[in-house]
Amino acid sequence: MKTKRIYKLLPVWLAISAAVIIAGIILTCLLGFNTSPDRKKGYTVEVSYDVSVEIDPAKVEKLEGICDAALKDVGVTDRQDGYDSTLDMTLISYILPADCSVEKLEAAQQAITTEAQTAFPDGNVRVAYHKIDNVSDIYYEPTWRGAVALTVGVVVGLIYIGFRFGVGCALTGLCLAAHDAVFTVALFAIARIPTYAYAPLLFATIAAVFSLVFWLLQCMKLRDAKKDPALRSLEAADAVAYAWEGSWKKIAILAAVSVAVFAVAGGVAAAGVRLFLLPAMLPVAVASYSSLLLAPALHIPVKTAFDKFSAKHKPRYFGKKKAEKPEEPEN
Amino acid sequence: MGKVKSAICLVLATLIIAALSFICFVALPAGGGSITQFDPVVTWIDKDANLGVEYGANESYRGGGYTATFYPEGVISAAEFTDNLAGMPEGAEKDEYAEKYKKVGNLYYDAKENLDANGKVTEEFIAKFNYAKDRLVERYERMNIENIRIDVVDNYALRVFVPQSASTATAYTSTFSLFSYMGDLEVRYGSDEASATTALPAAGKSIGDYVKGAATATDGDGTHYVVISFTSEGKDRLASRTADVADSGSGTLFFKVGENTVISLSITSAIEDDRLYISNPSSPFTAEAAQALAILIDSTANAQVPASEVFGGDTFTLNVDSIATMRALYGDSALVYMYIAFGVLFVAMMVFFFVRYGLLGFVHLYTYLLFLLVTLLCMWSLSFITISTGTFAAVLLASVLLSASQAIVYENARKEYAAGKTVAAAVKNAYKKCFWHIFDLHIVVAGVSFITYAIALTQLSGFAFMLGLCTLFSGICALAVGRFMWAIMMRFTNKQGKFCNFKRVEVEDDED
């Protein structure tokens, strides 16, 4: 069986992974993730109006027009509506980025107040802007517990693989799952993909799960090869090549379907949901890369070593031990 | 299985799926009275606060949640200052009020208490504020509520957002006042609050020497308790201080945090246990209310730095103001768009199965619907599961797993049939070949997911649990339900190969 060229490229795959992971770790330490969707820092402009405005949709529309015009230059990123039960007023909260100029905010506040007073002389419209600093410590415990949970989960999954397919497969699977989880998180740090603070761990979990599934598909073919008398004597490289050739289509189809599912769901969903679903394609892509390129190259030396070890420690039959004759008593 | 039995099974399966679909997706008129409509199960499942959708009486549920702004003692908002000033008659009092508060940034500060000679916020105030902020963050962090958010507003005020939830909204909003209590824990004993004397701690000692902490417990009939544990020293002191209850007939223990009484416990005998199980028979605790109270007591009893060290002899309070109901951040229709996305994917999946496998698509349709309906019923019955982006992703991934497993079996059966076997033999062989492959895939994913769920918190926990549960259902559906459906549906056709869109491979004889 002809060994494919990609199996010989282990140093290349390792170099790529090492470069990405190291860069990711450095950038995570220096900058962290791009958690701009969580609005860690920024400003809000809060416009509240009483029932005299609320009762007439045309007035509400006019007030929103005044706000939009005044806030045009400050860069509104989002908007959240509500009801202030303390003031008994309807509330519009415009969300603004941290680099917003305070002078512009004050000017906008003044403009909205003046125009609203002119447009609704009998109405009560209040405008205030606030500086917001999110307290990120709230994610500390979920983050470390999530990392522990993921590690324990993957190790238990690999113990099962170890029992079913051998320790060598479990070892490669462990390397792949750990690689995919870290690689995915590193890519988020490097590419500065906007994400919610809770999301990188979730994406790492998705990557580890896909990694295990894709590796399992190859393990199944390896086991088939081991069971088949015609293929049992294959060298490690040939057995891995057989498993790869028998499973790459399944892996590619499963990855393509999963990516398509996330793409369609993300495409249709609302903007906030899209921020989670579209980046979820990345862990699937990472798991596919590692399963199709890194896994076979990595498993050849592992399998070779384990095959040698098994051959060396193979129990051999030396025949039935002869029963020792009882010593004859000396007369 | 004979044709008649298959027909009965198919009719039963159809009826069950139809009935469950009605319960899960269709709102039914109730026919008068105070209840006008039975809402479908899907509306009863708790939703992520960021996903907006309107349902309930008068569309009362719209996603989002509640925010409250906490102003430290001696600090007020610009709106409050303006309102108070406008409400005062012209005169010395108004001038005094205007003089008392100075604007720094967007907030008004009591100049005498909180500002220095240069009009800047004093270091003492900053230390008190930071202490209060840390306590508030710690308490909410321990609640482990998804989507909770705490912001520092205008440098020295705090704003907390708690998500609206169909079942727990009241309990969570009550934390606004409960968690604003600052100060040390003190246990007082007496016939009434005014005359009660301090039982714990003794003068010059810390409450941590007497109280180990607080937790929650639930008994068999669902009553929730706050459990307060005492050290042996605390137990002995409490026993000696409450010993006179036998003479007076009754007494009350007051658990106070700073100036606020959080528990008033009537007792009729001396307390000699090292644990107190406290319930509220007149207004029973909900699980969340008991949890909040236990967190408050535990955080004050085990505070690394006692409040008295930071506040000195003064009190320091956080005043809850500006409580607002906020709409869902992602918009009122975010959940509807998610349902539409799911619908599009469902149609795409079924088109693939019907085009590729002909009428065998019905087998997958029945199997998938059963999987989906059971998943929805579980989401509804498990109170800790919400419809969120995480759980949505988990259902999508499990759906991919189920569809892939079904497709793998169908493809194997197709190959067997093409090789010349009968459909029945092809199906049998396909399942025989694929059983352990599908089993391994599902058991590994479910195992990893459930273990992750057991350790992780919030979003990851919800995602992992749903992935584990759905994978379990997917495994059962792929290996048992799908095969059963295939067996009963195949009974009604004589052209079984055509039913499955399977074709024989035509082998041309080479004739020399």
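The values are calculated or read from the model by the stated rules, or taken from the named source; none is laboratory data. As the structure is a computational prediction, the values presented were derived from the model and not from experiment. Neighbour counts are summed over all protein chains in view; Cβ atoms, including those assigned to glycine, are modelled from backbone coordinates with ideal geometry.
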One residue is enough: does the stretch A:168-190 have a residue meeting the conditions facing another protein chain (nearest Cβ under 7 Å) and out of contact with any Lys or Arg (no Cβ under 7 Å at 6 or more places or on another chain)?
no
B:Ala454 fails exactly one of the following numbered conditions: (1) surrounded by fewer than 20 Cβ atoms within 10 Å (Cβ to Cβ); (2) small (Gly, Ala, Ser); (3) away from chain A (no Cβ under 12 Å). What is the number of that condition?
(3)
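When the stretch A:18-34 is examined, which residues are found to be of a type outside the set (Val, Ile, Thr) and under 13 Å from A:Ile190 (Cβ atoms)?
Initial filter on the stretch A:18-34 (of a type outside the set (Val, Ile, Thr)): A:18-19, A:23-24, A:27, A:29-34.
Residues satisfying the conditions are A:Ala19, A:Ala23, A:Gly24, A:Leu27, A:Cys29, A:Leu30, A:Leu31, A:Gly32, A:Phe33, A:Asn34.
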Restricting to the stretch B:488-504, what's the tally of residues that are within 16 Å of B:Ala418 (Cβ to Cβ) and either touching a Phe, Trp or Tyr at 6+ places or on another chain (Cβ under 9 Å) or surrounded by 19 or more Cβ atoms within 10 Å (Cβ to Cβ) (or both)?
8
Give the residue that is surrounded by the fewest Cβ atoms within 10 Å (Cβ to Cβ), with candidates limited to residues of the stretch B:316-354 that are of a type in the set (D, E, K, R) and facing chain A (nearest Cβ under 8 Å).
B:Asp321
Inter-residue pairs, beta-carbon under 6 Å, first assigned by TED's automatic domain parsing to the domain that holds A:Val76 and in the stretch A:102-124, second in a loop (DSSP other than H, G, I, E, B) and modelled with pLDDT of 85 or more, 6+ apart
A:Ala108/A:Leu71; A:Asn124/A:Asp50
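Evaluate the following for B:Thr43: is it at pLDDT 85 or above and hydroxyl-bearing (Ser, Thr, Tyr)? I'd like the intermediate steps shown before the answer.
Values: at pLDDT 85 or above: no; hydroxyl-bearing (Ser, Thr, Tyr): yes.
Criteria not met by B:Thr43.
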Conditions first: (1) surrounded by 15 or more Cβ atoms within 10 Å (Cβ to Cβ); (2) more than 14 Å from chain A (Cβ to nearest Cβ); (3) at pLDDT below 90; (4) over 19 Å from B:Val310 (Cα atoms). B:Glu73 passes all but one, so which condition is the exception?
(4)
List the number of the failed condition for A:Ala207; all other conditions in (1) closer than 15 Å to B:Leu467 by Cα; (2) touching a Lys or Arg at 6+ places or on another chain (Cβ under 8 Å) hold.
(2)
Of all helices (runs of 4 or more DSSP H) fully inside the stretch B:401-512, the set with 2 or more residues that are touching a residue at least 12 places away in the same chain (Cβ under 8 Å) and either charged (D, E, K, R) or closer than 22 Å to A:Met220 by Cβ (or both) is B:423-455, B:458-476, B:482-489
Going residue by residue through the stretch B:421-438, is there one that turns out to be crowded, with 18+ Cβ neighbours inside 10 Å and more than 30 Å from B:Val4 (Cα to Cα)?
yes
Check B:Asn147, B:Asn106 and return the single one that is out of contact with any Pro (no Cβ under 7 Å at 6 or more places or on another chain) and in contact (Cβ under 8 Å) with a residue 24 or more places away in the chain.
B:Asn106
Test each condition in (1) surrounded by fewer than 24 Cβ atoms within 10 Å (Cβ to Cβ); (2) within 10 Å of chain B (Cβ to nearest Cβ); (3) in a helix (DSSP H, G or I) for A:Ala197 and report the one that comes out false.
(3)
Give the residues of the stretch B:115-130 that are under 13 Å from B:Tyr71 (Cα atoms) and touching a helix residue (DSSP H, G or I) at 6+ places or on another chain (Cβ under 7 Å), sorted by residue number.
B:Phe125, B:Lys128
Using the structure shown, decide if A:Phe183 is more than 18 Å from A:Thr28 (Cα to Cα), modelled with pLDDT of 90 or more and part of a helix (DSSP H, G or I).
no
